[in-house]
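Chemist: For reference, the structure I am asking about is given below.
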Amino acid sequence: MTTPGPSRVTVVGASAAGLSVVEGLRREGYAGSITWIGEETHLPYDRPPLSKQLLSGAWETDRLRLRDPGDFEALGVDLRLGARAVALDARKRTIALADGGLAGYDTLVVATGTRARRLPGTDGVAGVHVLRTVEDALALREALAGKPHLVVVGGGFVGAEAAAVARGLGCEVTLVTDTAQPMGGALGDELGSMLGNVHTEHGVHIETGAMAGQVLTDGGRACGVRLADGRTIAADAVLVGIGAQPNVEWLAGSGVPVGNGVECDATLYAGFGVWAAGDVASWLDPRTQEPVRIEHRTNAAEQGLAVARNILAGPECARPFDSVPYIWSDQYDLKIQIYGRSRGADEVRIVEGSLTDRRLIALYATRGRVCAAVGVNMARALRGYRAQVAEAAVVEVESAA
Ligand SMILES: Cc1cc2nc3c(=O)[nH]c(=O)nc-3n(C[C@H](O)[C@H](O)[C@H](O)COP(=O)(O)OP(=O)(O)OC[C@H]3O[C@@H](n4cnc5c(N)ncnc54)[C@H](O)[C@@H]3O)c2cc1C
């Protein structure tokens with residue numbers, strides 16, 4: 001019996017995207033050898049709860065697991081945890097590991113995700129946190145138990161969620177964001193302003209339009225944040241939530257194209273027998289013909305499956321990856337959901353509900369075409385707008401200004 005696909009697939013990155021590749025290959029009938037390499041020592045776990053249920057203490061770490069241990073065994077893969085890929089030789093098709101070992105492949109999938117961006121000079125400074133791994137979340141949770149004054153630098157998804165949780169735990173919280181509103185980049189002014197009001201009502205002090213310049217220390221511990229305009233904010237703990245950067249350094253010099261992620265064609269193929277999936281993949285969006293990289297949980301799972309199918313089809317028959325991005329955020333009693341790409345939209349219109357009720361659906365448009373639908377506490381109704389995003393429907397919208 002012949003099995004489709006290459007004889008040996010290696011996946012680097014043991015998280016959501018990597019899991020989706022491995023499961024997708026097996027589900028599609030691939031019976032060949034799979035080596036799965038991951039730097040973290042844990043079985044693959046889910047990151048969205050890190051800034052929500054794990055941070056608040058509602059969940060413990062065992063609930064983060066993406067699958068039960070037995071399910072990983074059933075996949076029949078050579079899973080190497082605690083193994084970091086440090087270099088790639090694309091000619092010999094080998095991966096060098098930090099422990100000095102080598103792993104070979106016929107086909108490689110890069111699913112190494114991203115890591116938290118840090119403020120310069122804060123590495124190893126006590127009291128300064130980032131939020132990317134389970135260890136990060138547990139360390140922050142422990143710090144929050146002491147009810148510190150927490151300064152959150154960054155008003156994106158992670159910063160806003162952590163601020164909400166910290167207030168729920170009774171901490172004093174200051175949120176510093178360079179946008180005009182928390183999550184202003186993704187939500188725009190109107191919805192961002194509503195979200196800002198919700199945070200303020202819950203007692204978060206918000207500094208908008210403010211750049212954090214430097215973390216101040218006293219005896220090696222964070223004691224405040226200096227803003228670019230010279231003002232300082234006292235702090236017992238600082239969470240830096242200023243975005244993430246793709247883990248591509250280990251590919252340097254290999255010939256695999258890297259820039260803002262692994263640069264792939266529309267099918268997620270980077271050449272040299274290398275594919276990429278998840279947060280690390282920058283691919284040519286078949287809709288816009290522009291490179292795009294998405295840091296969303298659902299995207300990681302969808303791309304992983306798409307890569308598995310494309311590997312089995314082969315680069316010549318591979319299909320472009322095309323989907324409607326989906327992301328959600330939980331803050332206080334708000335569930336915010338976004339289909340599509342709202343960032344940079346030039347117009348927005350609330351089509352159901354209202355800002356006052358804090359239950360609404362808004363359509364975002366670029367050059368008169370729907371690019372995103374955003375829902376606040378209207379999950380079921382929002383699904384009905386997904387098709388308009390997928391079709392980039394023409395919409396008559398009013399100016400957001
Ligand atoms: C706190 C937080 C909250 C989030 N909340 C949401 C949310 O509400 N909704 C949503 O849609 N998305 C959310 N996300 C984003 C979502 O978690 C990511 O999109 C998803 O984890 C991406 O999966 P991935 O497998 O591509 O990458 P990652 O999850 O980053 O996994 C990459 C893996 O590769 C490993 N790795 C890196 N380099 C190497 C190497 N050289 N060798 C071996 N292994 C390596 C890493 O250690 C990691 O285990 C959140 C993320 C965070 C951090």
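The values are calculated or read from the model by the stated rules, or taken from the named source; none is laboratory data. Nothing here was measured: the structure is a model prediction, and the numbers come from that model. So basically every Cβ, Gly included, is an ideal-geometry build from the backbone, and we count neighbours across all protein chains shown. These accessible areas exclude ligands, DNA and RNA; they are computed on the full protein's heavy atoms, side chains included. Shrake-Rupley method; radii C 1.70, N 1.55, O 1.52, S 1.80 Å.
Chemist: How high is the relative contact order of region 172-248, given as a whole-number percent (alpha carbon pairs under 8 Å, six or more residues apart)?
Modeler: 23
Chemist: Turning to a different aspect of this structure: Which trypsin sites (Lys or Arg not before Pro) in region 1-96 pass both tests, a DSSP loop state and at most 12 other beta-carbon atoms within 10 Å?
Modeler: Sites meeting the loop and neighbour criteria: ARG91, LYS92.
Chemist: A further question on this structure: Given axes a ≥ b ≥ c from the Cα gyration tensor, I'd like to know whether the chain is rounded (a/c under 1.5), prolate (a/b larger than b/c) or oblate.
Modeler: Oblate is the answer for the chain, as a/c is 1.5 or above yet b/c matches or exceeds a/b.
Chemist: Please work out the ratio of the alpha-carbon Rg of region 8-77 to 2.2 N^0.38 Å and round it to two decimals.
Modeler: So region 8-77 has a normalised radius of gyration of 1.21.
Chemist: Oh, and also: Classify region 230-381 as rounded, prolate or oblate, taking a ≥ b ≥ c as the square roots of the eigenvalues of its Cα gyration tensor: rounded when a/c is under 1.5, otherwise prolate if a/b is larger than b/c and oblate if not.
Modeler: Because a/c hits 1.5 or more and a/b fails to exceed b/c, region 230-381 counts as oblate.
Chemist: Per the Kirkwood treatment, what hydrodynamic radius in Å, one decimal, follows for region 57-136 from the mean inverse distance over all distinct Cα pairs?
Modeler: 16.3
Chemist: If you don't mind, there's one more thing I want to ask. Relative contact order for the chain: what percent, with Cα pairs under 8 Å and sequence separation of 6 or more?
Modeler: 15
Chemist: What is the distance in Å between the Cα centres of region 9-43 and region 59-135?
Modeler: Region 9-43 and region 59-135 have Cα centres separated by 12 Å.
Chemist: Something else: Run the simple label-point estimate for TRP59 and ALA31 please: 7 Å along Cα→C-beta, distance reported in nm.
Modeler: 3.6
Chemist: Further, regarding this structure: Sticking with the crude label model, points 7 Å out along Cα→Cβ, report the distance from THR232 to MET211 in nm, one decimal please.
Modeler: Taking the two extended label points, one gets 2.0 nm.
Chemist: Which percent of the accessible area of the chain is formed by carbon and sulfur heavy atoms (probe 1.4 angstrom)?
Modeler: Summing carbon and sulfur atoms, their accessible area is 48 percent of the total for the chain.
Chemist: Given axes a ≥ b ≥ c from the Cα gyration tensor, I'd like to know whether region 42-90 is rounded (a/c under 1.5), prolate (a/b larger than b/c) or oblate.
Modeler: Oblate, because a/c is 1.5 or more while a/b does not exceed b/c.
Chemist: On a 1.4 Å probe surface of the protein chains, which of GLU347, GLU172 comes out largest in accessible area, and what is the full order?
Modeler: The ranking, largest first, comes out as GLU172, GLU347.
Chemist: Sticking with this one: Viscosity 1.002 mPa s, temperature 20 °C: give me the Stokes-Einstein translational D for region 34-188 in µm²/s, with Rh taken as the Kirkwood radius over C-alpha pairs.
Modeler: The calculation lands on 119 µm²/s.
Chemist: How long is the gain from THR94 to ALA252 if the chain were fully straight, where each residue apart is worth 0.36 nm and the alpha carbon distance is subtracted?
Modeler: 55.5 nm
Chemist: How would ARG115, ARG287 line up by accessible area, probe 1.4 Å, largest first?
Modeler: ARG287, ARG115
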